[in-house]
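The values are calculated or read from the model by the stated rules, or taken from the named source; none is laboratory data. Please read all numbers here as calculations on a predicted model, not as lab measurements. Here the Cβ is made from the backbone with ideal geometry for all residues, glycine too, and neighbour counts use every protein chain on show. Remember, those area values only see protein heavy atoms, side chains included, never the ligands or the DNA or RNA. Shrake-Rupley method; radii C 1.70, N 1.55, O 1.52, S 1.80 Å.
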Amino acid sequence: MQRQRFLFAALGLLTLWRWALLPTLELAPEEALAAVCVKHGAWGGLRGMGPVVPLLARLGMLIGGGGEFGVRFFAPLLALAASLAVWRLMRAFFDLQIAGWAVVILNVLPSFNVAAVTLTSSTVVFALLPAAALCLRVALLHANPLHWGWWAAAGCVFVTSLAQPPGLAIMAAVVMVFALPERLRHHLRAPGFMVIACFWAFAVTGWLWGGAHAAWPEWRLFPNLLRWTVLASPLLLMLFVVAARMAFERATLMSQRSLPLAMLLPLAAVDLLFGPNARWPDMGGAAWMVFAAMLLAHRGTVLGGIAIEERVSLRTVAIVLAALQSAFLLQTDLPRSLGLPWRFSRSIEAGSDYTHFFTADPSRSMRGWRDSAKLVSAALEQANRDGSWFVLAEDGRLAAELDHYLGQKDRVWAVSDDLSLRPVRSAIFVTTDPAAIAPPEVVSTRFARFEVLSVARIMHAGNEVRWLKIFACHTDRRPDS
């Protein structure tokens with residue numbers, strides 16, 4: 001019991017430490033987009049983002065202000081909730097010792113630590129998946145076919161599907177919980193499962209009604225495995241595979257204790273397909289690692305055939321290496337502070353951050369936005385003499401960052417937006433392509449003339465982050481009627 005008190009105290013201190021880290025990195029484009037949704041009252045309607053992350057950003061900004069700390073305020077709390085759900089679930093399945101080790105392994109995972117200090121859809125999913133598993137376990141303990149545990153699990157599935165639509169992974173995981181062990185397969189026809197299925201269907205219907213769409217998976221084995229190595233650390237990843245293989249041997253004969261493996265398998269399979277579509281710092285579907293940590297904590301404690309000294313040594317080395325890798329991912333300036341050259345990733349394509357991770361720093365998406373906004377603000381002040389100019393960016397990611405860091409009331413528009421709704425005024429057009437000689441045709445045809453105002457190179461720690469090229473677009477033409 002004394003060790004458990006220490007564990008809870010450590011979780012509290014870890015939460016405070018994560019809070020302290022929140023302002024150390026600028027907002028990623030997806031985080032800035034959540035803040036923009038809040039600012040302009042577009043709950044889920046602005047550039048395809050669902051309502052869950054903007055709602056959390058809104059509540060956090062009411063508590064912690066409009067900066068990085070406020071936007072990400074709930075991320076450490078969600079990580080704490082995930083840790084407590086894992087501890088409660090593993091204590092119910094096994095014992096306090098295994099529950100404690102599961103929490104330790106979870107909190108040294110690089111993917112979990114990045115999700116705990118940023119606010120993306122994966123931050124929400126990391127918390128909701130173990131909560132859903134805990135609710136399923138409670139529901140299975142009671143004979144009532146409509147026990148509150150079923151409704152709570154359905155609520156977790158519903159919110160997860162809104163945060164990371166269409167929620168195929170979590171629904172597949174719930175089905176596997178009942179399909180894998182023979183003793184639970186009758187629940188697939190029970191009212192409780194039907195409640196969960198209806199909640200999921202309702203979320204998917206709302207997602208489709210909103211006109212959203214999911215990116216088609218680009219399956220490439222090596223980049224996917226490299227991504228898992230980055231997010232789980234190499235030694236822990238190998239131990240996850242071993243633990244899952246051992247747990248699979250008797251999974252069909254078990255009932256509730258097969259739940260971690262049943263959740264892990266479909267979640268990992270979907271992440272293998274869709275995970276590389278996620279841009280840094282979004283962890284995509286890496287929440288399967290929560291259940292891998294549970295399996296490893298159990299198998300690493302009860303595993304026979306290995307001397308206890310060797311078992312403890314292997315576990316300690318794996319945890320220390322994962323913790324060091326987590327610290328490295330949270331502060332990628334560390335190698336540069338030691339004089340080691342590590343350039344920033346230049347590509348913004350999905351998956352490229354992981355494919356080139358060891359040669360390029362993916363945190364480019366979280367650097368240089370304040371300086372970029374200062375340059376745009378200066379250009380806007382130079383051109384905006386009559387107060388009628390607005391800012392137009394080349395894409396939604398750039399528009400979200402400029403909108404947040406400019407701090408002005410007027411919205412920053414993106415070329416991909418419906419420009420028929422834009423103000424009929426002159427504009428400042430911003431692109432990250434230094435070779436551009438003119439705005440794109442969809443922009444240039446709407447203005448009488450344009451000119452280059454400035455070209456700037458944004459640097460961080462001696463490394464190039466991005467270029468900005470700013471055009472002044474004069475005399476807005478009204479769209480054809």
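Structure summary
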item: Some residue of segment 90-97 being crowded, with 24+ Cβ neighbours inside 10 Å and at pLDDT below 95; result: yes
item: Qualifying residue in segment 230-240 (condition: open to solvent by 50 Å² or more (accessible area, probe 1.4 Å), more than 20 Å from residue 149 (Cα to Cα), in a helix (DSSP H, G or I) and at pLDDT below 85); result: no
item: Segment 277-302 residues that are within 20 Å of residue 93 (Cα to Cα), paired with ones that are open to solvent by 10 Å² or more (accessible area, probe 1.4 Å) and not in a helix (DSSP H, G or I) (beta carbon under 7 Å, 6 or more apart); result: 298/94
item: Restricting segment 423-478 to residues that are among the polar types (S, T, N, Q) and over 36 Å from the mean Cα position of the chain (by Cα), the residue that is least open to solvent (accessible area, probe 1.4 Å); result: 426
item: Filter result for residue 315 (of a type in the set (Lys, Arg) and either under 26 Å from residue 85 (Cβ atoms) or assigned to a helix (DSSP H, G or I) (or both)); result: yes
item: Some residue of segment 47-55 being basic (Lys, Arg), on the phi > 0 side of the Ramachandran plot and open to solvent by 10 Å² or more (accessible area, probe 1.4 Å); result: yes
item: Residues that are touching a residue at least 24 places away in the same chain (Cβ under 8 Å), of a type in the set (Gly, Ala, Ser) and surrounded by fewer than 21 Cβ atoms within 10 Å (Cβ to Cβ), drawn from segment 379-395; result: 383, 388
item: Whichever residue in segment 334-346 is part of a loop (DSSP other than H, G, I, E, B) and over 19 Å from the mean Cα position of the chain (by Cα) and, among such residues, is modelled with the lowest pLDDT; result: 346
item: Residue check for residue 152: of a type in the set (A, V, I, L, M) and buried (at least 24 other Cβ atoms within 10 Å of the Cβ); result: no
item: Scope segment 117-133; condition part of a helix (DSSP H, G or I) and either modelled with pLDDT under 95 or open to solvent by less than 20 Å² (accessible area, probe 1.4 Å) (or both); matching residues; result: 121, 122, 123, 124, 125, 126, 127, 129, 130, 132, 133
item: Flag if residue 201 is in a helix (DSSP H, G or I), modelled with pLDDT of 90 or more and at negative phi; result: yes
item: Residue ranges of helices (runs of 4 or more DSSP H) in segment 1-116 with at least 2 members touching a residue at least 60 places away in the same chain (Cβ under 8 Å) and in contact with a Leu (Cβ under 8 Å, 6 or more places away or on another chain); result: 2-21, 29-40, 52-64, 74-93, 96-108, 110-116
